[in-house]
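Contents: one structure, followed by commentary.
Nothing in this text is a laboratory measurement; each read-out follows from the coordinates by a stated rule. Because the structure is a prediction, the values reported are computed rather than measured. Positions of Cβ are backbone-derived with ideal geometry, glycine not excepted, and every protein chain shown enters the neighbour counts.
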Amino acid sequence: MTTPLLEVDCVSASYGAVQALSDVSLQVMPGEIVTLIGANGAGKSTLLMTICGAPKPRAGRILLGGEAITGEATHLIMRRGVAQSPEGRRIFPRMSVQENLLMGAQALTTGDPTPQLEQVFTLFPRLKERLAQRGGTLSGGEQQMLAIGRALMSKPRLLLLDEPSLGLAPLVVRQIFGAIRQLNETTGLTVLLVEQNANQALRLAHRGYVLVNGRITMAGTGAELLARPEIRDAYLGSGHG
Amino acid sequence: MKPASALPAALKDALIAAAVSAAIFIPLVALRTDVGPTGALTLRTRWPEAALLVGLVFLGRLALVLWTGRRGLRASTAPGPWTQRLQQAGRLAAPAFLALALVLPAIPGVDRYWLDLGILVLTYVMLGWGLNIVVGLAGLLDLGYVAFYAVGAYSYALLAQEFGLSFWVCLPLAGLFAAFWGVLLGFPVLRLRGDYLAIVTLAFGEIIRVVLINWVSLTGGPNGISGIPRPSFFGLPFSMAGGEGTFAGFFGLEPSPSHRVIFLYYLILGLALLTNWVTIRLRRQPLGRAWEALREDEIACRALGINVTTTKLSAFALGAMFGGFAGAFFATRQAFVSPESFTFIESAIILAIVVLGGLGSQIGVAVAALVLIGGTEVFRDLQEWRMLVFGGAMVLIMVLRPRGLVGTRTPSIALGKKRAIGGDLVGEGRG
């Protein structure tokens, strides 16, 4: 059996006295797209941030490719080949698209960012057209492309995406998810996707986990979870699919 | 807008402005207390003066509203017509400024007074550029920048006096000490932002000043340090004696007091240009880009694997170092330092230069320093009204250009040309 690229083992985390995650365990195998779905405040983003080192887990272990990264500083974790497109995209509004992308290459250990830049442009040709434009003037969908592109600049082994569909029109969401699938199929990039848009996310992902109040309540393949009546009721709205 | 409806609206607007000004001028101007011969306070009223001021405000506001429409002066954050022109002219303006600065001492009619003014302005340009690294690029609001200026000045004063070290040895040391204090300030404030950061840096500036006042055995306390060695031209002193081994003697020139002033002028020009050059270079490096990204969004920086700690500390250290250089220059120019030169108002002026110039803009900072420092010198004849002009200029700039004189940001890298961009004022979106 291959070692998981990411293993979260019985992790608990809290903000001060507020317990945000309790005993969360999940695995992401190399080349997989895994999605984590759940309602607002379930702890999805907290889990992503805990994987990135802030907040530090109170208990449990996090392993990246079999090596423990629990409690390591964020910038060191990122240098090990993890990249994140944070919640709310958080692009640099006054910097140009090109500068935004180059900021993503800061954690790149090998010097030249050109091959990464080319990869991003193949994936999102729109960004190439907008290269000199300020990040803040892009549309929401373009900003999300930029956030993902920026994360790809560090040549990651594991890409963490925090709600890429947030606030985007359905057509744009389909475009973004299509790009994620394409990326996974062509380069074998491993993706951990946090989403509220359970329907689309489960269709895209190989496997999924459901997080409720800081605990994993269900796990399975995307198709399995989509078929579960509880999921349909809680996250998909009955009748729609 | 139809003129018929414009007039009543303008009258109403002007009346409101007059009422506000009355609320200010009645206690400030109309009522005045004087100390009588017995030491008792007597109240004197000056109603005509107050009425005149209120009337002026009324008329001024009325004229303004009628002239520009209901909204009064329009603020613009977008590149306005004249910034765009400035940006286009920037290609020429920056080299033109530089050329003027270089030949200033040689221009006929430029006497000692103008050179001294030039030195003063350039000192503030350098301080503005130094603080620009911290506030403009890294976005860390620093209200205690003068502390590093003081550290540099006292470092030079003490090293030169106690150990007899030359200016050129002391200069890097002064920068190093200031950078050290920059890091020292940086550590406790790593997690602070905005207002909270401003308060701590303000306190830091005061701490340095209070220490300078009270550590009498080292700093001479409020009396300061006098008789600081003047700079020499790489070992050749400037002396009126004009003998062998002095600057004038060595080059076979007529001894003149202006030699030293010209030397000081070029010295500060060189130091300021060094600051500018380092900043421009760094903006195109990963470190400089990380500073700007930090200003934009700290959380995103963390998510991208940027070491926020070292990035912040490097900004504090580098900004402080240039402050220290400027301080050493100040000490050698004045030959006297005292804590009085390093009060909070100095920090405020330097910050005002950076903010008015446009955070992060090199040319904007230089223009703002010229306007604020040079301007107040030129208006010296106005005496106490000078500060009114100073304040008025600041208000006007902020009303018209809330983002500073040069509010637009030039990307540090442009499409196609990669790292080899020639001019530093390439217009936005153009290669």
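Based on alpha-carbon atoms only, what is the radius of gyration of the stretch A:85-156 relative to the globular estimate 2.2 N^0.38 Å? Provide the component values of the computation, followed by the final result.
Values: Rg = 10.8 Å, N = 72, 2.2 N^0.38 = 11.2 Å.
Rg over 2.2 N^0.38 Å, computed on Cα atoms: 0.97.
If the protein assembly as shown were replaced by its equivalent ellipsoid, with semi-axes equal to the square roots of 5 times the Cα gyration tensor eigenvalues, what would those be, largest first, whole Å?
Details: eigenvalues 596, 226, 129 Å².
Each semi-axis is √(5λ); the values are 55, 34, 25 Å.
Return one number: the angle in degrees, 0 to 90 and rounded to the nearest 10, between the long axis of the Cα atoms of helix B:258-283 and the longest principal axis of the Cα atoms of chain B.
Between helix and principal axis, roughly 80 degrees.
For the residues B:T309, B:T376, what sequence is obtained by ranking on other C-beta atoms within 10 Å, fewest first?
Details: B:T309 14, B:T376 17.
Arranged by neighbour count, lowest to highest, B:T309, B:T376 become B:T309, B:T376.
Antiparallel versus total DSSP beta bridges in the protein assembly as shown: what percent is that, nearest 5? Before the final figure, lay out each step's value.
Details: 30 of 48 bridges.
Taking every DSSP beta bridge with both residues in the protein assembly as shown, the antiparallel ones total about 60 percent.
Using Cα atoms only, what is the angle between the long axis of helix B:3-25 and the major principal axis of chain B, expressed in degrees (0 to 90) to the nearest 10?
So the inclination is approximately 60 degrees.
Can you find, among A:L211, A:Q106, B:L159, the residue farthest towards the positive end of the dipole of the protein assembly as shown? Put +1 on the C-beta of Lys and Arg, -1 on that of Asp and Glu.
A:L211
Taking only Cα atoms, what is the 0 to 90° angle, nearest 10, from helix B:194-214's long axis to the longest principal axis of chain B?
The answer is roughly 50 degrees.
Taking the Cβ of B:L192 as the center, what net charge do the other residues with Cβ under 15 Å away carry, scoring Lys and Arg +1 and Asp and Glu -1?
Numbers: positive: B:R191, B:R193, B:R295, B:K312; negative: B:D142, B:D195, B:E298.
Counting the neighbours of B:L192, the net charge comes to +1.
With +1 on the Cβ of every Lys and Arg and -1 on the Cβ of every Asp and Glu, and nothing else charged, how large is the dipole of chain A about its Cα centre, in debye rounded to the nearest 20? Walk me through the numbers on the way to the answer.
Numbers: 23 positive and 19 negative charges, 77 e Å.
Roughly 360 debye for chain A.
For the stretch A:159-209 and the stretch B:372-389, what is the separation of their C-alpha centers, rounded to whole Å?
Centre-to-centre (Cα) distance: 62 Å.
Note down the net charge around A:L76, summing +1 for each Lys or Arg and -1 for each Asp or Glu among other residues with Cβ under 14 Å from its Cβ. Could you put the intermediate results ahead of the total?
Numbers: positive: A:K56, A:R79, A:R80, B:R302; negative: A:E67, A:E72.
My count for the surroundings of A:L76 gives +2.
Among residues other than B:R44 whose Cβ falls under 9 Å from its Cβ, what is the net charge (Lys/Arg +1, Asp/Glu -1)? Spell out each step's value before the answer.
Values: positive: B:R32, B:R46; negative: B:D34.
Taking every other residue near B:R44 into account, the sum is +1.
Find how many whole Å separate the alpha carbon centroid of the stretch B:187-251 from the alpha carbon centroid of the stretch B:277-340.
The distance from the Cα centre of the stretch B:277-340 to that of the stretch B:187-251 comes to 19 Å.
About the Cα centre of the stretch B:3-68, how large is the charge dipole given +1 on each Lys and Arg Cβ and -1 on each Asp and Glu Cβ? Please answer in debye to the nearest 20.
Working: 5 positive and 3 negative charges, 8 e Å.
With only Lys, Arg, Asp and Glu charged at Cβ, the dipole is about 40 debye.
Tell me, Kirkwood radius of the stretch B:88-400 from alpha-carbon pair distances, in Å? Numbers along the way, then the final one.
Working: mean 1/r = 0.0494 Å⁻¹.
For the stretch B:88-400, the Kirkwood estimate is 20.2 Å.
Given H placed on each backbone N at 1.01 Å, which residues far from B:L143 in sequence or on other chains put an amide H within less than 5 Å of it?
Residues meeting the amide H criterion: B:T201, B:L202.
With +1 assigned to the C-beta of every Lys and Arg and -1 to the C-beta of every Asp and Glu, and no other charges, what is the dipole magnitude of the stretch A:85-156 about the Cα centre in debye, to the nearest 20?
180
Applying the Karplus parametrisation 6.51 cos²θ - 1.76 cosθ + 1.60 with θ = phi - 60° to the phi angles of the stretch B:294-310, what ³J(HN,Hα) value in whole Hz is obtained for each residue in order, glycine and proline being reported as x?
Using θ = phi - 60°, the values come out as 4, 5, 6, 6, 5, 5, 4, 4, 4, 4, 8, x, 8, 6, 5, 4, 5 Hz.
Of the options B:A138, B:V169, B:W67, report the single residue whose Cα projects farthest towards the positive end of the charge dipole of the protein assembly as shown (beta-carbon charges: Lys, Arg +1; Asp, Glu -1).
It is B:W67, whose Cα lies furthest towards the positive end.
Mind listing the phi-derived Karplus ³J(HN,Hα) values for the stretch A:72-85, rounded to whole Hz, using 6.51, -1.76 and 1.60 with θ = phi - 60°, and x for any glycine or proline?
6, 5, 3, 5, 6, 4, 4, 6, 7, x, 9, 9, 9, 9
Could you give each residue of the stretch A:128-136 its phi-based ³J(HN,Hα) in whole Hz, using Karplus coefficients 6.51, -1.76, 1.60 with θ = phi - 60°, and x for Gly or Pro?
Each residue of the stretch A:128-136 in turn: 5, 5, 9, 3, 8, 7, 6, x, x Hz.
Tell me, rounded to the nearest percent, the portion of alpha carbon pairs in the stretch B:259-407 spaced more than 20 Å apart.
On the way: 6616 of 11026 pairs.
Value for the stretch B:259-407: 60 percent of Cα pairs lie more than 20 Å apart.
Can you give me the long-range amide H partners of B:F233? Hydrogens built in the peptide plane at 1.01 Å from N, cutoff under 5 Å, separation of 5 or more residues or another chain.
Here the answer is B:F238, since their amide H atoms fall under 5 Å of that of B:F233.
What are the trypsin sites (Lys or Arg not before Pro) within the stretch B:94-201 that DSSP puts in a loop, where the Cβ has at most 14 other Cβ atoms within 10 Å? Walk me through the numbers on the way to the answer.
Values: sites: B:R112, B:R191, B:R193; in loops: B:R191, B:R193.
Here the sparse-neighbourhood loop sites are B:R191, B:R193.
In what order do B:D13, B:D195, A:D23 fall by count of nearby beta-carbon atoms within 10 Å, going from fewest to most?
B:D195, A:D23, B:D13
Place +1 on the Cβ of every Lys and Arg and -1 on the Cβ of every Asp and Glu in the protein assembly as shown, take the dipole about the Cα centre, and give the residue among B:Y196, B:P27, B:W114 whose Cα lies farthest towards its positive end.
It is B:P27.
For the stretch B:205-301, which GluC sites (Glu not before Pro) pass both filters: DSSP loop (anything but H, G, I, E, B) and at most 12 other C-beta atoms within 10 Å?
Numbers: sites: B:E206, B:E244, B:E292, B:E296, B:E298; in loops: B:E244.
Counting only loop positions with at most 12 other Cβ atoms within 10 Å, the GluC sites (Glu not before Pro) in the stretch B:205-301 are B:E244.
If amide hydrogens are placed 1.01 Å from N in the peptide plane, which non-local residues have theirs closer than 5 Å to the one on B:R46?
Under 5 Å from the amide H of B:R46 lie the amide H atoms of B:L31, B:R32, each far enough along the sequence or on another chain.
How many lysine pairs does the protein assembly as shown hold where the Cα atoms are under 23 Å apart and the two sit 8 or more places apart or on different chains?
Details: A:K44/A:K56; A:K56/B:K312; A:K128/A:K155; A:K128/B:K417; A:K128/B:K418; A:K155/B:K418; B:K2/B:K12.
For the protein assembly as shown, qualifying lysine pairs total 7.
Provide A:E230, A:E7 in ascending order of the number of other Cβ atoms located within 10 Å of each residue's Cβ, fewest first. Show your work: numbers first, answer last.
On the way: A:E230 11, A:E7 19.
Starting with the residue having the fewest Cβ neighbours, the order is A:E230, A:E7.
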